[in-house]
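The values are calculated or read from the model by the stated rules, or taken from the named source; none is laboratory data. These figures come from a predicted structure and were not determined experimentally. Every residue, glycine among them, receives a Cβ derived from its backbone with ideal geometry; neighbour counts consider all protein chains shown.
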Amino acid sequence: MKLSWLKDVATDPGPSVSVYVDATRDRATGEHDIDLRWREARSALAGQGAPEPALTALDAVATEPTGVGGHVGRALVATATGLQLDLVLTAPPEREEAATGPVAHLMPLVRSMADDVRYVLVELDRAGADVTVARTGAVLGHETRTVEGGHDLLHKGSGDNRAEHRYQRTVQDSWDHNAAAVAADLADLVRRERPDVVLVTGDPKAMSALKDKAPAALAPLVCEVKGGGRAAGTREKAFEANVTAALDAVRTRRRQAVLDEFAQERGRQGRAVEGLEPVVAALRAGQVRTVLLLDDPTSTERLWTGPGPLEVATTREDLDVLGVTDAVQVRADAALVRALAASDAEIELVPRPQEDGEEPLLAMTDGIGALLRYAV
């Protein structure tokens with residue numbers, strides 16, 4: 001998971017106030033529950049020394065409706081200068097949290113977004129397509145637009161005379177032109193949005209024409225999904241299940257690629273490290289490309305950090321050597337996310353075993369490892 005989108009929030013000099021709440025309102029007591037939880041969280045934050053201007057900024061939004069129905073969560077971050085982040089999540093957080101400190105507590109947000117998939121859904125017929133840009137981790141407002149090719153001879157006849165053959169060729173040309181228009185729009189969209197996958201569904205002939213017209217760079221991203229389309233009568237539940245399966249496959253493939261690379265590279269000299277101290281040292285040097293972290297929301301591990309996001313260490317002495325005189329101890333996960341976001345690195349959360357005695361997907365010293373940008 002890329003963390004560059006969090007860089008501004010992560011590297012803000014703070015102090016920061018971070019709040020993660022269940023924002024579900026479709027219960028009889030939903031509005032009252034949200035108000036009550038915010039009052040309790042606000043009181044606890046004030047007791048922790050949270051800056052009052054940050055709490056005032058949160059007052060303005062913490063109890064406001066999200067505009068989204070169903071079970072949703074909300075991530076909020078504020079500083080003395082105002083609101084830094086307000087994001088509606090597609091599910092409530094694993095647990096509600098409210099914290100203040102010199103570094104924003106962003107790991108709950110990273111956890112909520114860890115399985116996020118950016119995707120484009122293309123619902124085709126022979127006239128064009130409805131194209132939706134979306135992501136699975138946060139409610140950011142799906143963008144849907146229609147692409148029409150402009151050629152309206154769409155249905156072939158069944159005759160076998162010369163005039164009928166010419167008509168059929170004209171119809172085929174219409175399909176091809178319409179598919180070319182969709183392909184051109186899709187190629188431009190993919191360049192701008194950089195999705196993880198392009199899901200294509202609808203009329204089989206239109207899908208075949210799109211494949212023929214699409215640039216080669218699109219081929220690795222395209223995944224056909226059965227059951228959808230622009231026509232009325234689509235079996236929505238079956239199609240949604242097929243979309244979910246396709247997105248799950250993207251997540252599994254993406255995670256396994258990182259795990260496999262780490263398993264391979266840690267057997268070589270200098271391309272991967274494991275254990276908290278070696279990983280933190282590599283972060284401090286700007287070497288880390290991807291951190292692999294065994295996901296543990298109950299962790300109480302702490303690290304030392306200075307004003308700079310890469311001024312991070314397991315001991316105060318390590319920062320003293322670098323001349324950092326105002327180091328403080330913070331949550332380890334908060335310091336890690338700040339350093340990763342600041343250095344344009346990525347994180348891969350490795351799921352915990354679900355049952356006692358079950359082996360983790362990847363065993364690592366201290367539950368942490370890193371792939372490096374260059375060999376030590």
Among strands (runs of 3 or more DSSP E) completely within region 190-285, the ones holding 1 or more residues that are of a type outside the set (Phe, Trp, Tyr) and farther than 30 Å from LEU319 by Cα are 197-202, 222-224
Restricting region 299-346 to residues that are basic (Lys, Arg) and touching a helix residue (DSSP H, G or I) at 6+ places or on another chain (Cβ under 6 Å), the one surrounded by the most Cβ atoms within 10 Å (Cβ to Cβ) turns out to be ARG338
Across region 106-139, the tally of residues that are within 18 Å of GLY73 (Cβ to Cβ) and in contact (Cβ under 8 Å) with a residue 24 or more places away in the chain stands at 16
In region 347-375, residues that are in contact (Cβ under 8 Å) with a residue 60 or more places away in the chain and in contact with a strand residue (DSSP E or B) (Cβ under 8 Å, 6 or more places away or on another chain) total 17
Does any residue of region 30-48 turn out to be aromatic (Phe, Trp, Tyr), assigned by TED's automatic domain parsing to the domain that holds ALA99 and closer than 22 Å to ALA339 by Cβ?
no
Checked region 201-215 for anything more than 16 Å from LEU121 (Cβ to Cβ), surrounded by fewer than 22 Cβ atoms within 10 Å (Cβ to Cβ) and not polar (S, T, N, Q); matches are PRO204, LYS205, LYS211, ASP212, LYS213, PRO215
**Asked** Taking GLY275, is it in contact with a Gly (Cβ under 7 Å, 6 or more places away or on another chain) and among the small types (Gly, Ala, Ser)?
**Response** no
Those helices (runs of 4 or more DSSP H) completely within region 1-89 that have 3 or more residues that are closer than 30 Å to ALA370 by Cα are 7-10
Per the filter on region 60-86, residues surrounded by fewer than 17 Cβ atoms within 10 Å (Cβ to Cβ) and either touching a Ser or Thr at 6+ places or on another chain (Cβ under 8 Å) or under 19 Å from ARG111 (Cα atoms) (or both) are GLY70, HIS71
Exactly one of ASP296, ASP344, ASP318 is of a type in the set (Asp, Glu) and more than 22 Å from the chain's Cα centre (by Cα), and that one is ASP318
If we keep only residues of region 238-256 that are more than 15 Å from ALA114 (Cα to Cα) and of a type outside the set (Ser, Thr, Tyr), then the residue surrounded by the fewest Cβ atoms within 10 Å (Cβ to Cβ) is ALA245
Could you please let me know if ASP26 is over 26 Å from the mean Cα position of the chain (by Cα), charged (D, E, K, R) and under 20 Å from GLU64 (Cβ atoms)? no
>> Tell me yes or no: at least one residue of region 67-74 is farther than 29 Å from ALA246 by Cβ and without any contact (Cβ under 8 Å) to a residue 40 or more places away in the chain.
In response: no
Taking first residues from region 320-344 that are free of Cβ contacts under 8 Å to residues at least 24 places away in the same chain and second residues anywhere that are among the hydrophobic types (A, V, I, L, M, F, W, C) and in a helix (DSSP H, G or I), the pairs with Cβ under 9 Å that are 6 or more apart or on different chains are THR325/LEU319; ALA327/LEU319
Scanning region 341-376 residue by residue, the ones that are under 21 Å from ALA263 (Cβ atoms) and part of a helix (DSSP H, G or I) total 3
